[in-house]
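Structure record follows, encoded as structure tokens.
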Amino acid sequence: MKFAALTIASEQVWPTLQFLMLCKQLADKGGNQLAKVVVLSTNDPHFSSQPAKSLSRFCSDQLGIKVTSVPLADTDPSTVRKALAHSLDGDNYWILNYTNGTKPMTMPIAEQAARPNTSVLYKERNKPWYRLRLNQASNVQELVLEELNVPDASLDELGVEKLVKVSLGLENETFEAILEWERVTLDEVIRSGFAWNDLNTPDKTDAFERFVASSIQDCVPGAKVCMNLKVTGSSGKTLFESDIVVLWKGQLFLIDCSLMAHMDSRHGSVVSQIEVAHSRISKLGGIGASVVLIRPTWTDVDEVFLNYAKRLRVMIWDETGCVELYSRLGELFGVPSSDAVMELQGRLSGEGRLVLNVRSSVKGAKGRRTFLDLEPTIKSLLEEQNAVALKCGSLSAIFTDGGNSWLPGGWMVSKDGKILLRLDGFERAKGVLENPSVALERLWDQTDQE
């Protein structure tokens, strides 16, 4: 018996693509053929009719199947029942998608669980597929969810371009992306003092993006990664763009990178950036995409903004998040970190080293970050002065060694509250970078006299 599939077209294109690929996988596994696909749709262009056209092109191009389109006059359950009665023939084994559509529209689909030679399937994000079936042991008719032991149908074979185009409902628009680039390694970044514009890359302005994209390749071998994705319409208008797009296990991840301060008017407010990011994943099928704003220059982001971003399913990685970049990438993609990646994470976070984030309020002055190996002189100074904490100031200095920490701030104090070391000026901090041992001793002497 041949297989046939039926789904309701909705703005959530991604779960429908997963459903169709699963139907083909199940048919192929049984030595059968997915012979027919029926798509029900309303006349709403955004939520249904346009996605239906996009799905039809996908089935024709990717599955070699001509879709039977069934327009619905409204979303009333009785209208859907009539469409099902007309569409579901007895010649095929039918697989129905219960995931899409409004609740009234899906009621008649759930009722088909009692129909012979029919399976009604349902899926939530990052969860397995379920089949709706009647509980035969119950005295009353009740539907139960039964987990299916089937592998997720991977959309990775479609590639980034095809998946983005189908999700956006595009056909002849121009698609541009960089699939191969000059990698930027952690070694290069450390040597440069995290001065991105000083790195030797073809485009001086995209070194940070290249570093993040290269780090993703290190953390997630096999993921499809592209940079500077841009989709342009026939009029030349940009319809969609993203710094980095990753396709991994059938899901799209959008990575937005910026080194600008969060209050920089050229890059919009925090709320604006969150909303733009949310609109991008909404265009790509909603639950089928995730988005991360990587902002190493953002510090102390207000909890109000973080909660707002969370509600819109937007992740923000600020200065702290970027120090934990490799660990967070592993969590984002659900990949255990290898020993090599863990070593990179340790070097990035500056384990056992003095880390200085030097910023200047002087217009035009460049901020730099560097790792300084701990020298015996520095260690002895810490021991002699019994330093235990650091209070906040205008510069950032982080010291990690055996559990001790210098947190973002400008001066270090002893247990009795005496200021031992202050880094409160760009020139003085620059001196620490050039000659850490001597400069620290000199600064120590100066603070004792203050």
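The values are calculated or read from the model by the stated rules, or taken from the named source; none is laboratory data. All values derive from a computational prediction rather than experimental measurement. A quick note on method: Cβ atoms are made from the backbone with ideal geometry, for glycine too, and the neighbour counts reach across all protein chains shown. Note: accessible area is taken over every heavy atom of the protein model, side chains too, but ligands, DNA and RNA are not part of it. Shrake-Rupley method; radii C 1.70, N 1.55, O 1.52, S 1.80 Å.
Among the residues of the stretch 75-86, is any more than 17 Å from Ile109 (Cβ to Cβ) and either touching a residue at least 40 places away in the same chain (Cβ under 8 Å) or not β-branched (Val, Ile, Thr) (or both)?
Narrowing the stretch 75-86 to residues more than 17 Å from Ile109 (Cβ to Cβ): none.
No, that holds for no residue.
Working carefully through the options Thr68, Thr16, find the one that is within 23 Å of Leu148 (Cα to Cα), in contact with a strand residue (DSSP E or B) (Cβ under 8 Å, 6 or more places away or on another chain) and hydroxyl-bearing (Ser, Thr, Tyr).
Unique residue meeting the criteria: Thr16.
Every residue in the stretch 6-38 that is within 16 Å of Asp61 (Cα to Cα) and either in contact with a Cys (Cβ under 8 Å, 6 or more places away or on another chain) or among the small types (Gly, Ala, Ser) (or both), please.
Across the stretch 6-38, the qualifying residues are Leu20, Leu34, Ala35, Val37.
Would you mind telling me which numbered condition in (1) under 28 Å from Trp14 (Cα atoms); (2) at pLDDT below 90; (3) of a type in the set (Ser, Thr, Tyr) Ser265 fails?
(1)
Do you know which residues across the stretch 222-253 are open to solvent by 40 Å² or more (accessible area, probe 1.4 Å) and either among the polar types (S, T, N, Q) or touching a residue at least 40 places away in the same chain (Cβ under 8 Å) (or both)?
Across the stretch 222-253, the qualifying residues are Lys224, Asn228, Lys230, Ser234, Ser235, Thr238, Leu239, Trp248, Lys249.
Look through the stretch 31-53, keep the residues that are open to solvent by less than 50 Å² (accessible area, probe 1.4 Å) and more than 18 Å from Ala83 (Cβ to Cβ), and return whichever of them is farthest from the chain's Cα centre (by Cα).
First, the residues of the stretch 31-53 that are open to solvent by less than 50 Å² (accessible area, probe 1.4 Å): 34-35, 37-42, 48-49, 51-52.
Next cut, more than 18 Å from Ala83 (Cβ to Cβ) only: 34-35.
On the way: Leu34: 33, Ala35: 36 Å.
Here the answer is Ala35.
If we keep just the residues of the stretch 288-314 that are of a type in the set (Lys, Arg) and either in a loop (DSSP other than H, G, I, E, B) or crowded, with 22+ Cβ neighbours inside 10 Å (or both), which is farthest from the chain's Cα centre (by Cα)?
Let us first name the residues in the stretch 288-314 that are of a type in the set (Lys, Arg), namely 295, 310-311, 313.
The next check asks that each one be either in a loop (DSSP other than H, G, I, E, B) or crowded, with 22+ Cβ neighbours inside 10 Å (or both); those that pass are 295, 313.
Values: Arg295: 14, Arg313: 10 Å.
In this case the residue turns out to be Arg295.
Which residues, counting only those in the stretch 315-354, are modelled with pLDDT of 85 or more, crowded, with 18+ Cβ neighbours inside 10 Å, of a type in the set (A, V, I, L, M) and part of a helix (DSSP H, G or I)?
Within the stretch 315-354, Leu325, Leu329, Leu332, Val341, Leu344 meet the criteria.
Return the total of residues in the stretch 80-101 being surrounded by fewer than 17 Cβ atoms within 10 Å (Cβ to Cβ) and either of a type in the set (A, V, I, L, M, F, W, C) or farther than 24 Å from Met21 by Cβ (or both).
Of the residues in that region, 5 qualify.
Report, ordered by the first and then the second residue, all pairs with beta carbons closer than 7 Å, sequence separation of six or more or different chains, a first member in the stretch 299-325 that is within 21 Å of Val212 (Cβ to Cβ) and of a type in the set (Ser, Thr, Tyr), and a second member that is open to solvent by less than 50 Å² (accessible area, probe 1.4 Å) and in a helix (DSSP H, G or I).
Cβ pairs passing all conditions: Thr299/Glu319.
What is the number of the single condition among (1) modelled with pLDDT under 50; (2) outside any loop (DSSP other than H, G, I, E, B) that Ser360 does not meet?
Answer for Ser360: the failing condition is (2).
In this structure, is Asp218 open to solvent by 20 Å² or more (accessible area, probe 1.4 Å) and at pLDDT 90 or above? Steps first, answer last, please.
Details: open to solvent by 20 Å² or more (accessible area, probe 1.4 Å): yes; at pLDDT 90 or above: yes.
Yes, satisfied.
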